[in-house]
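The values are calculated or read from the model by the stated rules, or taken from the named source; none is laboratory data. Note that the structure is a prediction, hence the values are computed from the model and not measured. Here the Cβ is made from the backbone with ideal geometry for all residues, glycine too, and neighbour counts use every protein chain on show.
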Amino acid sequence: MRDKAFIEDRKQKLSELTAGFCDSHLDEEYQQLCEKLIQKMARKRTVPFRSGRLEIWAAAIIYALGQINFLFDHSFEPYASADDICNYFGTSKSTTSQKAKLIRDMFRMTYFDDTFSTAHVRENDPFLNLVMQDGLIMFKDDASQSSEPLTTLQEEEPQRGREYVDKGHALSGEFYNLCDELSDAKRSGRNISAVKKRLKQLIERDPDFFDPYLLLCDLFLDEDNPQEAERLLNTAYERALNLITDTKGNWPDVLEWGWLENRHIIRAILEKAIASWYCGENESALDLLRKVLKSNPGDNVGARNYILAIRMGMSCDEFDTRFDKGGYYDSDLVNWFEANYKNFPDEFEWWEKEMEKYA
């Protein structure tokens, strides 16, 4: 009972924090979405906001909802910037964006999300009124004149080849709690050596769970120790390949981000690709990015953007300078991709056709 009361108290305080920001910067609909998300978080077996600064959780909740509802786009109403959120709650953008990503992953939050989209975003879903009939995409009104049964695009299951889905990793909860401790340590200026030690222990206990490798890699880069960071990343990448490839070294046909169990693997491979790009090893980076996109054409991680940038001769630094808005990308990147990808049909024609199955 004491634990239940503790969670209820934190939930109430978290709701008050998000409501305060929504009252001053957003609207009642965002406040309701925040409350819905907080309630879902509270029903998790391990309640995410049980530990950590509530201000960080509040900022991350609004940040996550804003990312899927175009809150950071000036052309949308209401509008708020990432700085508005972080300044209000006294949090850093890097910590807030990382926590927001955790929330989005936890509940599979995406654009045009049925549960967490605003009414305006749902009404403007380009796929809302499309159905599949006899293998053809058409509007519902046109299709309704036929007596043939209809299948919504979301229900249409494309033919799949060999799919890889990883097992669950019991240490993931410990890892996310450790992320909270790291944020608190950085905020208060405490030494993070204890966090690094525990990350190494997580790796020893489960060497095929790759998120601890990646976080530890970031810490080594912060300490100007690129050699150790590279060693960790290479180890994670090689072990990830060993998990997903068959005896002949072939990738799976399907490695979907939609499975939470797969995300640490995709992150490790994507980080290796970006590191290769940063070092000027463009062909190696392209090879990995193409495989990531091919096995997950929904491309939640944005591999297609990196591919296009490399094909257009951009360096990793140039890409980040142009598009990184402090830990997130906004509509500028989307518009840039739409304006340029058709110039490379050899690269994206297959992907465009693949998207027609879902579009």
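Of all the listed residues (Ala194, Ala236, Ala240), the sole one being surrounded by fewer than 18 Cβ atoms within 10 Å (Cβ to Cβ), free of Cβ contacts under 8 Å to residues at least 40 places away in the same chain and hydrophobic (A, V, I, L, M, F, W, C) is Ala194. Screening the candidates Gly327, Gly313 for the property of being assigned by TED's automatic domain parsing to the domain that holds Tyr237, at positive phi and either at pLDDT 95 or above or aromatic (Phe, Trp, Tyr) (or both) yields one hit, Gly313.
Close contacts from segment 317-332, counting a first residue that is among the acidic types (Asp, Glu) and a second that is at pLDDT 70 or above and assigned to a helix (DSSP H, G or I), with Cβ to Cβ under 9 Å and a gap of 6+ residues or different chains, come to Asp317/Tyr278; Glu318/Ala309; Asp330/Phe323; Asp332/Arg322; Asp332/Phe323.
In a residue-by-residue description of segment 7-22, the property of being modelled with pLDDT under 95, under 22 Å from Leu182 (Cα atoms) and under 22 Å from the mean Cα position of the chain (by Cα) applies to no position. Restricted to helices (runs of 4 or more DSSP H) entirely inside segment 63-160, no element has at least 1 residues that are at pLDDT below 65, over 25 Å from Trp257 (Cα atoms) and touching a Phe, Trp or Tyr at 6+ places or on another chain (Cβ under 8 Å).
Based on this model, can you work out whether Gly302 counts as under 19 Å from Ala268 (Cβ atoms) and in contact (Cβ under 8 Å) with a residue 24 or more places away in the chain? Before the answer, list the steps.
Working: under 19 Å from Ala268 (Cβ atoms): yes; in contact (Cβ under 8 Å) with a residue 24 or more places away in the chain: yes.
Taking the combined requirement at face value, the residue satisfies it.
Among the residues of segment 180-217, those that are assigned to a loop (DSSP other than H, G, I, E, B) and over 20 Å from Ile103 (Cα atoms) comprise Gly189, Arg190, Asn191, Ile192, Asp206, Pro207, Asp208. Selection of first residues in segment 82-102 that are free of Cβ contacts under 8 Å to residues at least 24 places away in the same chain and of second residues that are assigned to a helix (DSSP H, G or I), restricted to Cβ pairs under 6 Å at least 6 apart or on distinct chains, gives an empty result. Counting the residues of segment 20-59 that are of a type in the set (Asp, Glu), part of a helix (DSSP H, G or I) and more than 27 Å from Ser188 (Cα to Cα) gives 4.
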